[in-house]
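Following: one structure in structure tokens, then a few remarks.
The values are calculated or read from the model by the stated rules, or taken from the named source; none is laboratory data. Every value quoted in this text rests on a predicted model; they were computed, and no experiment measured them. Virtual Cβ from ideal backbone geometry, glycine too; neighbours counted across all protein chains shown. For accessibility, only protein heavy atoms count, side chains too; no ligands or nucleic acids. Shrake-Rupley method; radii C 1.70, N 1.55, O 1.52, S 1.80 Å.
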Amino acid sequence: MKTLVILAQPGLENSRVNQRWKEELLLYPNDITLHEIYKEYPDWNINVPREQNLMEAYDHVIFQFPLYWYSYPPLLKKWFDDVLAYGWAYGSNGDKLNGKKLGLALSIGDKKENYQPEGSVSFTVDEVIAPFKASAKHVGAEALPYFAVFGASFQASDEEINTSAKEYIEYIFNHRI
């Protein structure tokens, strides 16, 4: 089973984590297809039939992005709004994502301990990504556990980022089954 990774990182060249993860993903062209939506759609005009065909071709899809204000980057939100259409992804005839496995690979700028009820964010990552999990359930897909690296904005060392890249590949392979 091949995996589709939808990378949604604006200004990718400025992201140490997502850039490094991309480099690692490209080492596995027989197992992983990388689709960069900010590169593909700089004008934000999403080719919905093309994206739907791409989603239909894979049973394992990972959305890779930085957590932006506790949510998706704006183009990824638009992608979800446009691509996961009534009659295709949900509704009486919308069954194209039934049984697919959908996961998240998150670069999170803040410290892990802040994503606890007693932390400065006051919410866990699972609580923050609840809309994704609800969307996956709504379209009949399985929401996989998320993969994340914390401290992406300022704390993560090069060694930690390199380690996370290897762990990310393990996450992908372990959740395809």
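Quick notes on this one:
- Within the shell of other residues whose beta carbon sits under 11 angstrom from the beta carbon of F150, the net charge comes to -1, with Lys and Arg scored +1 and Asp and Glu -1.
- M1 sits with roughly 110 Å² accessible to a 1.4 Å probe, with DNA, RNA and ligands left out of the calculation.
- Within segment 66-162, chymotrypsin sites (Phe, Trp or Tyr not before Pro) in DSSP loop having at most 15 other beta-carbon neighbours inside 10 Å: W69, Y70, F123, F154
- The DSSP beta bridges internal to the chain are antiparallel in roughly 5% of cases.
- Over all other residues within a Cβ to Cβ distance under 13 Å of W21, the charged ones net out to -2, with Lys and Arg as +1 and Asp and Glu as -1.
- The slack between E167 and N47, meaning 0.36 nm per residue of separation minus the straight C-alpha distance, is 40.0 nm.
- Under the shape rule built on the C-alpha gyration tensor, where the axes satisfy a ≥ b ≥ c, segment 51-110 is prolate, since a/c reaches at least 1.5 and a/b is greater than b/c.
- Cβ-based net charge around N45, under 13 Å, with every Lys or Arg adding one and every Asp or Glu removing one: -2
- Of the residues R176, R50, the one with the largest accessible area comes first in the ranking R50, R176, computed with a 1.4 Å probe on protein heavy atoms.
- Its residue count N fixes a reference of 2.2 N^0.38 Å for segment 1-128, and the Cα radius of gyration divided by that reference is 1.12.
- Alpha-carbon centroids, segment 44-74 and segment 75-138: separation in whole Å: 11
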